[in-house]
Amino acid sequence: MAALFCVVALITRFAGSPVIVPILSIIIAAIALVVGMRSRAAGLTVDQPVVFTADQVKKIQELKSQGQEGSAIRQAQLWSRGASAEAVAEAVRKL
């Protein structure tokens, strides 16, 4: 939608319309871009369950036994991209 309004701004500018029309088109394009980005970001924050494979559990337990719980949590966050940071940290602490 934002791209469409940008094209409209270019066409109206080269067509000789008043200067305000392309400016309004660019403003509308910016609003459409912000709305689109917010709606996309809202869809990405769906919390996924935290599930580890046997190898991942072994690696997490190894890091925790070495006193590196923070590193274990960060590694688990890399493995569980769809889960919230709090859910991953809680799952690591339970292991």
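Any read-out appearing in this document is the output of simple, stated calculations on the displayed coordinates, not a laboratory observation. These numbers were taken from a predicted model, which means no experiment stands behind them.
For S84, the residues whose modelled amide H falls within less than 5 Å of its own, excluding neighbours fewer than 5 places apart on the same chain, are Q48. In plain terms, the chain from R81 to R13 could stretch by 20.0 nm, reckoned as 0.36 nm per residue minus the Cα-Cα distance.
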